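Inspection log for the structure reproduced underneath, given as structure tokens.
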Amino acid sequence: MAREKHLNQHSDQTSEAASPVSTAPHLSIENELAELRNENTRLRNLLAAATNGVAADPTDVWPETISYHDQPFSGARLAGITKDRTAIRASTDFAELPTPTNDQRQLEKDFVRWGYCLVADALSKDQIQIQSDRLVDQAAAEKAAKVAHLSHRGSGQTVFNMLPKGQVFRDLIALEPHAAHGAPLVETLLGKILGDGYYLATAHGSLVHQGGGRQELHQDQGFVPLPHPPFPLYCLIIWCLTDFSLAEGGTYVVPGSHRTANGENQVRPETHFENLATDNLVAVTAPAGTCLLTDSRLLHSGGKRTAPGTRLAARIFYARGTMRQQENQLVATPENIIRNASPKLQKLIGLDAYYGLGMVEGNARAPHLPKRYVGELSLSNPGAFTQDFDWRYTEDARHQAQLDWDAAAEYRGRNRD
Ligand SMILES: [Fe+2]
């Protein structure tokens, strides 16, 4: 029965004059003859064109070298756009843009239409307090221990790799309802966005003080060469621990820059996607406790905070379950073999970074396997600050120490004992 259906469909298709020759069975000799005549004409044209030194149909010319490594990335064309503060509006200026809600149907509609959605009251006041207290303490302790990552001349700080830095962070990453009472709804959405088997890509804490926060416009999957598939490869979740607005450093987004109505990506090599932000850049406005989910194709950036005070957020990034290493070599191989492997082999098994992927404690410059991790630190335990963290011996530490506006990073040289 299934075969009969297939054949009938094929018969419909071969009645079109331009169909190429096929090896599939035909229902009628007329269709087969028509197809062969078309192919004969096509080949004659090709032969005639080749004799004259030109190809009749450029799609019939096969490249003779491999160039799949040479695909473009989106980031290079987006630099500088977010500098013009006057061109950025509040998302609440536009009635059609997403506002916080708990209605799953509306959230899905917003996500597909605008590339982001806002889950209302995903964190209770107590849950916000618990996350904020741990984040602020960890950030202050990392500065005191001189293992901090500052930006924007000290007006921004990122707490990398929250996973080992507190049970409250681990509970939020795992979307436990006791950490965030809106987590079940967020988890449902995440499953619909990324499919089954997604995994944690990054978990960062973000602190933005007055004057800090602006990033260049980018896609969170910008390290994937263009063209992208017509669905998000990643989903960033921003848990707003303080209010987000234009003045308070709310994330800038270009609503709808991820796709068209028919599902085509807006950011493609042949489109002027850098123009999508013109008159369309808005700062997300949402109260503390909101959970922002973004399609990783959406053009967006960190927003500059002009108001006094500090904007706090947990940025937790999830990835589709595809394209992982098939074997988890870093877990499945004895540590001494990994440590003694050649740099070339270490790179092959994932102990190196690629466009920021594979970083270790924020270190995407030749990361290595640490013996002493920067884990959970607290101002209440200053004795832990003097540990000989491996991070102090990294290129990342050298870079941070050079930038260091508050002497919050220490570099101890290239080689540790
Ligand atoms: Fe981003």
Which of the residues that make up the stretch 403-417 are over 28 Å from the mean Cα position of the chain (by Cα) and at pLDDT below 90?
W405, D406, A407, G413, R414, N415, R416, D417
Quick one: in the stretch 119-156, of everything that is touching a helix residue (DSSP H, G or I) at 6+ places or on another chain (Cβ under 6 Å) and free of Cβ contacts under 8 Å to residues at least 60 places away in the same chain, which residue is surrounded by the most Cβ atoms within 10 Å (Cβ to Cβ)?
R134
Scan of the stretch 378-411 for residues that are over 20 Å from H209 (Cβ atoms), among the acidic types (D, E) and crowded, with 16+ Cβ neighbours inside 10 Å, ordered by number:
D390, D396, E410
For the stretch 200-245: of the residues being of a type in the set (V, I, T) and within 15 Å of the ligand (Cβ to nearest atom), which is farthest from H181 (Cα to Cα)?
V224
Quick one: count up the residues across the stretch 363-398 that are of a type in the set (V, I, T), closer than 11 Å to A145 by Cβ and under 27 Å from the mean Cα position of the chain (by Cα).
1
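Yes or no, residue by residue, for (1) in contact (Cβ under 8 Å) with a residue 12 or more places away in the chain; (2) assigned by TED's automatic domain parsing to the domain that holds F273; (3) farther than 22 Å from V112 by Cβ; (4) not hydroxyl-bearing (S, T, Y):
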site	(1), (2), (3), (4)
P184	no, yes, no, yes
G195	yes, yes, no, yes
G205	yes, yes, yes, yes
H209	yes, yes, yes, yes
E216	yes, yes, yes, yes
Q219	yes, yes, no, yes
Regarding the stretch 203-212, can at least one residue be identified that is within 26 Å of N275 (Cα to Cα) and crowded, with 20+ Cβ neighbours inside 10 Å?
yes
Test: E270 is assigned to a loop (DSSP other than H, G, I, E, B), under 18 Å from the mean Cα position of the chain (by Cα) and not basic (K, R)
no
Any idea which of (1) touching a residue at least 12 places away in the same chain (Cβ under 8 Å); (2) assigned to a loop (DSSP other than H, G, I, E, B); (3) over 13 Å from the mean Cα position of the chain (by Cα); (4) within 18 Å of L118 (Cα to Cα) is the one P230 doesn't satisfy?
(4)
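The values are calculated or read from the model by the stated rules, or taken from the named source; none is laboratory data. The shown structure was predicted, so the numbers you read here are calculated from the model rather than taken from an experiment. Cβ atoms come from the backbone with ideal geometry, glycine included; neighbour counts cover every protein chain shown.
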